[in-house]
Amino acid sequence: MAPARKKKMVKVCRDCHKVVEGESCVTCGSTNLTEDWTGYLIIIDPEGSEIARRMNLEMPGRYALKVR
């Protein structure tokens, strides 16, 4: 049986919903992060994306749909 891999805890910025890997958001600079989120969204072309427009996202990247 293969050894279990340790799951990496991904955090999300509560201010801009950006998925981050460090201790602060690279987009807005906030340290207000949470591990309590749902929905994973990848925006490639913010200008052409209706979802990005509705979420007020202007930069490509990984985002959470719902942040608690």
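Quick notes on this structure:
- Within region 13-41, being out of contact with any strand residue (DSSP E or B) (no Cβ under 6 Å at 6 or more places or on another chain), of a type in the set (D, E, K, R) and farther than 13 Å from Gly61 by Cα holds for Asp15, Glu23, Asp36.
- In region 45-57, the residues that are more than 22 Å from Arg14 (Cβ to Cβ) and open to solvent by 60 Å² or more (accessible area, probe 1.4 Å) form Cβ pairs under 8 Å with partners that are at pLDDT 95 or above and part of a loop (DSSP other than H, G, I, E, B), at six or more places apart or across chains, as follows: Asp45/Pro60.
The values are calculated or read from the model by the stated rules, or taken from the named source; none is laboratory data. Because the structure is a prediction, the values reported are computed rather than measured. All Cβ positions, even for glycine, are placed from backbone atoms using ideal geometry, and neighbour counts span all protein chains on display. Protein only, heavy atoms only, side chains kept; ligands, DNA and RNA dropped before computing areas. Shrake-Rupley method; radii C 1.70, N 1.55, O 1.52, S 1.80 Å.
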